[in-house]
Amino acid sequence: MSKVIQTIDQMKEFSKNSILSKKSIGFVPTMGYLHNGHLSLIKKARSQNDIVVVSIFVNPLQFAPNEDFNTYPRDFEKDRVLCEQNGVDVIFYPGYEEMYPQNYQTYVEVSFLSKPLEGKSRPTHFKGVTTIVLKLFNIIKPTRAYFGKKDAQQLIIIKKMVEDLNLDVEIVPCEIERDIDGLALSSRNVYLNAKERSQAVCLKKALDKAKELIDAKIYDSQTIIKNMKDVINSYDLARIDYISINSTDCLSELKEVVLGKTLISLAVFFGKTRLIDNMWI
Ligand code: AMP
């Protein structure tokens, strides 16, 4: 039975007792509406720790006023069952007032890594992410925390925050889970209508094209990006936000792919729905 905890005090008490009895805590932060991507993180956490804590909190701070905070899909009852089926010990499910009481005014920002890629389209997003993740780390005190490579920049930024602020938590990266046609799983995929859903596979197709070129030893970024654009543009409902080739350490743009150190990422709109995907080379 997964225990649902809604207050910070109770969550801290639970973690304190776990740590006193020398139990390791694996933590999976989520915004809920769980799918197999989330579950793969939970399964990994389950296999590596004594206790597994999943947080479910749609964090208003990481949404801009024009974004989908109000319509973001939520289904706590279904999430609770999925957590239970996957051996989660605690679901931390706080309310908004609990996390951001009136007069809340402290924020954490990883400055440079938050600027490019997603940061260009969503300038306040990562400040919201790092602030909530640091709060959750302080409340839950995990031994290990699990993040999907699906949100590559987020993972890189969290690692940097942990390094810069000397946090005692091991960050565990997890592979991207995909649907059978290749579309990366995302809670936002439910926004797609049938025609958009069938075309949404173009992100993965563009990444496959990049991989094909790199396998043929074509490393020039402009050539790769041009080919990826051609793939996306052959789908009439897709509108490219960005396609970029960056180094995985400092996220600077690369003129050429460097094997083992390159992130190829893209964001594509279908109507109002914005999908992201990436590949680590
Ligand atoms: P979210 O609920 O979207 O904030 O995601 C919570 C965590 O699940 C983040 O670390 C995501 O990177 C991860 N995640 C989301 N989708 C996937 C996926 N398709 N494969 C692997 N991890 C994912």
Original post:
Do any of Lys78/Lys127; Lys115/Lys205; Lys229/Lys255 go past 23 Å between their Cα atoms, and which?
Top reply: Lys78/Lys127; Lys115/Lys205
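Between Glu97 and Leu20, take the C-beta separation as r, use R0 = 35 Å, and let me know the FRET efficiency to the nearest 0.05.
Calculated transfer efficiency: 0.75.
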Subject >> Shape parameters for the stretch 183-281, alpha-carbon atoms, Rg then Dmax in Å >> reply: 13.4, 38
Original post:
When the Cα atoms of the chain are enclosed in a convex hull and the volume is divided per residue, what value in Å³ results?
Top reply: 132 Å³
**OP:** Report the full-extension gain for the segment Asp181 to Phe112: residue separation times 0.36 nm, less the Cα-Cα distance, to one decimal in nm.
**Re:** 21.3 nm
Original post:
For Glu77 and Lys217, what is the calculated FRET efficiency with R₀ set at 45 Å and r taken between the beta-carbons, to the nearest 0.05?
Top reply: 0.30
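Checking the table Lys3/Lys159; Lys43/Lys149; Lys44/Lys150; Lys120/Lys209; Lys120/Lys141 against a 21 Å threshold on Cα-Cα, which pairs fail?
Among Lys3/Lys159; Lys43/Lys149; Lys44/Lys150; Lys120/Lys209; Lys120/Lys141, the Cα-Cα distance tops 21 Å for Lys3/Lys159; Lys120/Lys209; Lys120/Lys141.
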Original post:
Once Rh is set to the Kirkwood radius over Cα pairs, what Stokes-Einstein translational diffusion coefficient, in µm²/s, holds for the stretch 101-254 at a temperature of 20 °C and a viscosity of 1.002 mPa s?
Top reply: 121 µm²/s
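Taken together, the values in this text are just the output of simple stated rules run on the coordinates, not laboratory data. As the structure is a prediction and not an experimental result, all values here were calculated from the model. No Cβ is skipped: glycine too gets one built from the backbone with ideal geometry, and neighbour counts run over all protein chains shown.
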